[in-house]
Amino acid sequence: MRIALTLVFILAVAGAAGAGPLDAPGATKALNCAACHGPSGQSPSDAMPILAGLWPEYFKKAIQDYAAGRRPSPEMEPYAKQVLELGVDDVAAYFASQQRASTKVKVDAAAVERGRAAAQQCAVCHGSEGKGDRAKLIPDITGQPPGYLRTQMLLFKEDRRSPGDERLKALKALMKTIPDETFADLAAYFSSVR
Amino acid sequence: MTGITRREFLRASGVGMVVGGLAGGCAGAARGDMAPKTGRRVVVIGGGWGGATAAKYVRLADPSIEVILLEPNRTFVSCPFSNLVLSGVRTIDSLTFDYRGLRRHGVSVRHEAATAIEPETRRVRVGEGYLQYDRLIVSPGVEFQWEQVEGLAENQDKVLHAWKAGPQTVQLAAQLGSMPDGGVFVLTIPPAAYRCPPGPYERTCQVAWYLKNNKPKSKLIVLDANQNIISKAGLFRAAWRDYPNIDYRASNKVVKVDPSGREVATDFGDKVKYDVVNLIPPQRAGTIAVQADLVGADKRWCEVNHLTYESVKHRDIHVIGDSTIGLPVPKSGNIANAMGKICAVAVVHLLDGKQPPALPPGNTCYSWVNDREAIAVVNAYKIDGGKVVQIEQKLTPGQSVAVAQNAVGWATSIWNDILG
Ligand SMILES: Cc1cc2nc3c(=O)[nH]c(=O)nc-3n(C[C@H](O)[C@H](O)[C@H](O)COP(=O)(O)OP(=O)(O)OC[C@H]3O[C@@H](n4cnc5c(N)ncnc54)[C@H](O)[C@@H]3O)c2cc1C
């Protein structure tokens, strides 16, 4: 009897919390994103970035850069414009409120070790563990899919991501000194940091 | 090729346990009310891209609503990426999934076909039995207009469409594989509107790529009923520069097929000989939608409200996916998935007596131009004056391995979104 009552109580509480995953403000405005970024922004693939847990300030900068064509992406430019139509603050708040789980994409242990050694040069900005600096809009790159991280490093190196952005000059200068093969190692390392 | 096996997919999507759900498969046995309704209930017809998504998302939005999904097939075979089975770049197994994920969300999946809809009594007939609903979501995909091509209806076993991924996809791959070097493969494209505008041109790339590498003396003749390539034309033309074996003929509508003479005929009376033919027939909404009088005056497609996907013809019945018309969107899996989610949210609001939010769909169609490169078209929409309106359409600047990697990312995510 007591067990039954306890169960009823638990169910009632869960119900009262309105725990439905679509109840959060912004959740329904983010429905289209799941086609590429996975449920709740928890991307299961190697190529698409995880959006869960992105800081709203960084998220908004990314959306604005895509919509303006500063960060060229055939996929994201139209979708960023849709986000601006729907209200970027709601969508940013929704993804920020999702707990980020690290990527499940596997990486090679030897690559992780090589990447760890090369990662020292990133620490001045991204911090010793790659967790970033919210105030400076430097993202947390840990746990992101390795394929995505590698692609972005290449885009920085070739000045194809946000070309001309003064804030990113030092970052791009650094990327130019790093051989392409090392990007895979750095990506393996940062994606494996928990 | 970054193939994911079915097992990997299921693992990645966290599927493992089978809980709840009616065990279907009792087709034919049930009479009368097959499952008396105790609370609010949504019935979904069709467990493809639109219907499976809608069933899952009604449960996500409100787990107190009972959801029954009717789908005769026991497995879900993805049409997207199925052109890669023809070229041998992918296996059909890598595109085949089961419905355990939906059952985990509490969807009652019944492997039976709906045989009729009765809007007045809000019943879906399943053979001798019926299911009562509060709201019905219909996503039966497309049906072929066999009668539009002479000789087709009676030769369905020989003249393959492979336009519903599954056994025909594998059979067509086998026909292509056993065609002699020097043979002619004829691919015919129906007039728009049909399922997946870029699909036939992606298939052209895959067959041409296969022939180039395996049967270099062979030729691919494409007979297109349309006046030009109807999607991503510039990108496909560029891709076809690698395939001198393609003979593309626009404004060539095939109206007749003769399997004994191995010949098709166009509306101008031109005859074209083939060793293997892939005839994609003209299409209309799934039969159940036509029988239930959900189609418009054209007797082909269903018109719906742009915010709720409720039929303009029958109350409490919503239509999504390829069966719909009147929105400025392609008949794509991505659109069917987006409609499924938006419709689910709308249905839950309506059952609660609330105003549904105005949510627009989005679309991306990736097409593989060889074994490792792809192109894409992306469309974003907004709601303006109660209607879906396009904000922007964007194409990839060219074909690349990077786009193909994004295609794999898209497929991984969206399969998970539908079934995981
Ligand atoms: C070769 C090819 C390649 C494609 N590539 C892409 C791509 O890359 N990207 C993309 O976005 N789209 C692509 N598409 C299009 C995509 O497959 C369709 O747009 C999508 O499947 C439409 O979803 P739907 O729910 O309307 O129909 P479907 O997915 O076909 O689902 C309909 C379901 O309803 C069931 N059904 C029918 N009648 C009944 C009934 N009476 N009772 C119960 N169940 C019933 C059927 O068994 C079926 O499972 C491609 C299509 C093809 C053929």
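Mind checking which of B:Gly32, B:Gly46, B:Gly129 has the largest fluctuation in a GNM of chain B, springs on alpha carbons under 10 Å?
Judging by the Gaussian network model, the answer is B:Gly32.
Starting from the Cα of A:Ser128, step 7 Å along the direction of its Cβ; do the same at A:Glu57; then give the gap between the two resulting points in nm.
Result for the modelled spin labels: 2.3 nm.
Counting only residues 5 or more places away or on other chains, whose amide H sits under 5 Å from the amide H of B:Ala285 once H atoms are built in the peptide plane?
Sorted by chain and number, the residues that satisfy this are B:Glu143, B:Trp301.
Quote the charge dipole size of chain B about the Cα centre in Debye, to the nearest 20; the model charges only the Cβ of Lys and Arg (+1) and of Asp and Glu (-1). Present the calculation step by step, with values, prior to reporting the outcome.
On the way: 48 positive and 39 negative charges, 138 e Å.
Dipole size: approximately 660 debye.
Magnitude of the Cβ-charge dipole of the stretch B:58-175, K/R +1 and D/E -1, about the Cα centre, nearest 20 debye?
Working: 13 positive and 15 negative charges, 115 e Å.
Dipole size: approximately 560 debye.
Taking 8 Å as the Cα distance limit and 6 or more residues as the minimum spacing, I'd like the relative contact order of the stretch A:102-194 as a percentage. Show your work: numbers first, answer last.
Numbers: 125 pairs, mean separation 42.2, N = 93.
Normalised by residue count, the contact order of the stretch A:102-194 is 45 percent.
Under the 0.36 nm per residue contour assumption, what length would be gained going from the current alpha-carbon distance of B:Asp352 and B:Asp267 to full extension? Display every interim value, and only then the final one.
Numbers: separation 85, 0.36 × 85 = 30.60 nm, distance 5.30 nm.
Between B:Asp352 and B:Asp267, full extension yields 25.3 nm more.
For chain B, divide the Cα radius of gyration by the Kirkwood radius and give the resulting Rg/Rh value with two decimals.
Numbers: Rg = 21.4 Å, Rh = 22.1 Å.
Value, to two decimals: 0.97.
Work out the P(r) tail for the stretch A:80-194: percent of alpha carbon pairs separated by more than 19 Å, whole number.
Details: 3338 of 6555 pairs.
Of all Cα-Cα distances in the stretch A:80-194, 51 percent exceed 19 Å.
Taking a label point 7 Å from the Cα of B:Asp181 along the Cα→Cβ vector, which residues of the stretch B:256-280 have an amide N closer than 13 Å to it?
Once the point is set 7 Å along Cα→Cβ of B:Asp181, nothing inside the stretch B:256-280 turns out to lie under 13 Å by backbone N.
Which value, in debye to the nearest 20, gives the size of the charge dipole of the stretch B:180-292 about its Cα centre, when Lys and Arg are +1 and Asp and Glu are -1 at the Cβ? Present the calculation step by step, with values, prior to reporting the outcome.
Values: 16 positive and 10 negative charges, 30 e Å.
Once rounded to the nearest 20, the dipole reads 140 debye.
From Cα pairs below 8 angstrom and at least 6 apart in sequence, can you work out the relative contact order of chain B, rounded to a whole percent?
Details: 946 pairs, mean separation 77.4, N = 420.
In percent, rounded to a whole number, it is 18.
Please work out the Cα center distance from the stretch A:157-180 to the stretch B:81-115, rounded to the nearest Å.
The stretch A:157-180 and the stretch B:81-115 have Cα centres separated by 43 Å.
Which residue, B:Gly183, B:Ile246, B:Asn155, has the largest displacement toward the positive end of the dipole of the stretch B:146-281 when charges sit on each Cβ (Lys, Arg +1; Asp, Glu -1)?
The listed residue farthest towards the positive side: B:Ile246.
Under 10 °C and 1.306 mPa s, how fast does the protein assembly as shown diffuse according to Stokes-Einstein, given a Kirkwood radius computed over C-alpha pairs? Answer in µm²/s, whole number. Please list the in-between numbers first.
On the way: Rh = 25.6 Å.
Reported coefficient: 62 µm²/s.
Hey, what do the phi angles of the stretch B:232-242 turn into as Karplus ³J(HN,Hα) couplings, whole Hz, using 6.51/-1.76/1.60 and θ = phi - 60°, x for Gly and Pro?
With the stated coefficients, the stretch B:232-242 comes to 6, 3, x, 5, 5, 4, 4, 5, 6, 4, 7 Hz.
Whole-Hz ³J(HN,Hα) for each residue in the stretch B:168-180, computed from phi via Karplus 6.51 cos²θ - 1.76 cosθ + 1.60 with θ = phi - 60°, x for glycine and proline: what do you get?
These are the phi-based 3J(HN,Hα) values: 5, 4, 5, 5, 5, 4, 5, 4, 5, x, 9, 5, x Hz.
Determine, from the Cβ-Cβ distance of B:Asp93 and B:Lys313 and an R0 of 35 Å, the FRET efficiency 1/(1 + (r/R0)^6), rounded to the nearest 0.05. Don't skip to the end; give the middle numbers.
On the way: r = 40 Å, r/R0 = 1.15.
Efficiency at R0 = 35 Å is approximately 0.30.
State which entries of B:Lys253/B:Lys394; A:Lys60/B:Lys56; B:Lys354/B:Lys387; B:Lys37/B:Lys387 exceed 27 angstrom in Cα-Cα distance in the structure shown. Before the final figure, lay out each step's value.
Values: B:Lys253/B:Lys394 29 Å; A:Lys60/B:Lys56 30 Å; B:Lys354/B:Lys387 19 Å; B:Lys37/B:Lys387 34 Å.
Over 27 Å Cα-Cα: B:Lys253/B:Lys394; A:Lys60/B:Lys56; B:Lys37/B:Lys387.
Apply 1/(1 + (r/R0)^6) to the Cβ-Cβ distance of B:Gln156 and B:Asn73, taking R0 = 22 Å, and write down the FRET efficiency to the nearest 0.05.
0.80
Straight-line reach from B:Lys273: which aspartates and glutamates fall under 15 Å, measuring Cα to Cα and dropping same-chain residues less than 8 apart?
Partners found: B:Asp247, B:Asp258, B:Glu263.
Positive end of the dipole of chain B, charges at C-beta (+1 Lys, Arg; -1 Asp, Glu), about the Cα centre: which of B:Val222, B:Tyr99, B:Ala174 has its Cα farthest in that direction?
B:Tyr99
Could you work out the percent of alpha carbon pairs in the stretch A:23-101 separated by over 22 Å, rounded to a whole number? Write down the numbers at each step before the final one.
On the way: 362 of 3081 pairs.
More than 22 Å apart: 12 percent of the Cα pairs in the stretch A:23-101.
Between rounded, prolate and oblate, where does the stretch B:146-281 land on the alpha carbon gyration tensor, with a ≥ b ≥ c its root eigenvalues, rounded for a/c under 1.5, else prolate if a/b exceeds b/c?
On the way: a/c = 1.38, a/b = 1.11, b/c = 1.25.
Rounded is the answer for the stretch B:146-281, as its axis ratio a/c remains below 1.5.
Show the residues, 5+ positions off or on another chain, whose built amide H is closer than 5 Å to the amide H of B:Leu152.
So B:Leu152 has HN proximity to B:Val257.
Please give me the summed charge of the neighbours of B:Arg284: other residues whose Cβ is under 12 Å from its Cβ, Lys and Arg +1, Asp and Glu -1.
For residues surrounding B:Arg284, the net value is 0.
Please work out how much length the chain gains when fully extended from B:Ala174 to B:Asp298, using 0.36 nm per residue of separation minus the C-alpha to C-alpha distance, in nm with one decimal. Display every interim value, and only then the final one.
On the way: separation 124, 0.36 × 124 = 44.64 nm, distance 3.67 nm.
Full-extension gain reported as 41.0 nm.
Quick check: Cα centre of the stretch B:279-318 to Cα centre of the stretch A:87-133, how many Å?
The stretch B:279-318 and the stretch A:87-133 have Cα centres separated by 46 Å.
Can you compute 3J(HN,Hα) from phi for each residue in the stretch B:122-129, using the Karplus curve 6.51 cos²θ - 1.76 cosθ + 1.60 with θ = phi - 60°, rounded to whole Hz and x for Gly and Pro?
6, 10, 10, 7, 10, x, 7, x
Relative contact order of the stretch B:269-420: what whole-number percent is it, with Cα pairs under 8 angstrom and at least 6 residues apart?
Numbers: 227 pairs, mean separation 22.4, N = 152.
Worked out over the stretch B:269-420, it gives 15 percent.
Taking chain B as a Gaussian network, where each spring joins two C-alpha atoms under 10 Å apart, which residue of B:Asp293, B:Asp224, B:Asp384 fluctuates the most?
With Cα springs under 10 Å in chain B, the top fluctuation among B:Asp293, B:Asp224, B:Asp384 is at B:Asp384.
Kirkwood Rh, Cα Rg: Rg to Rh for chain A? Don't skip to the end; give the middle numbers.
Values: Rg = 19.1 Å, Rh = 18.1 Å.
We get a ratio of 1.05 for chain A.
How far is the Cα center of the stretch B:194-272 from the Cα center of the stretch B:345-420, in Å?
27
Choose one of A:Ala184, A:Leu149, A:Ala135: the residue whose Cα lies farthest towards the positive end of the charge dipole of the stretch A:102-194 (beta-carbon charges +1 Lys, Arg; -1 Asp, Glu; about the Cα centre).
Going by the charge dipole, the pick is A:Ala135.
Taking all pairs of different Cα atoms in the stretch B:103-189, averaging 1/r and flipping that mean, what Kirkwood radius in angstroms comes out?
Working: mean 1/r = 0.0588 Å⁻¹.
Over the stretch B:103-189, the inverse of the mean reciprocal pair distance is 17.0 Å.
What shape does the stretch B:272-420 take by its C-alpha gyration tensor, where a ≥ b ≥ c are the square roots of the eigenvalues and a/c under 1.5 counts as rounded, a/b above b/c as prolate, and the rest as oblate?
oblate
Please compute the modelled spin-label separation between A:Ala24 and B:Val389, points set 7 Å along Cα→Cβ, answer in nm with one decimal.
A separation of 3.1 nm, rounded to one decimal place.
The numbers here are math on the coordinates, done by the rules we state, and not lab data. Bear in mind that the values here come from a model prediction, so they are computed numbers and not experimental data. Note that each Cβ is placed from the backbone with ideal geometry, even for glycine, and that neighbours are counted across all protein chains shown.
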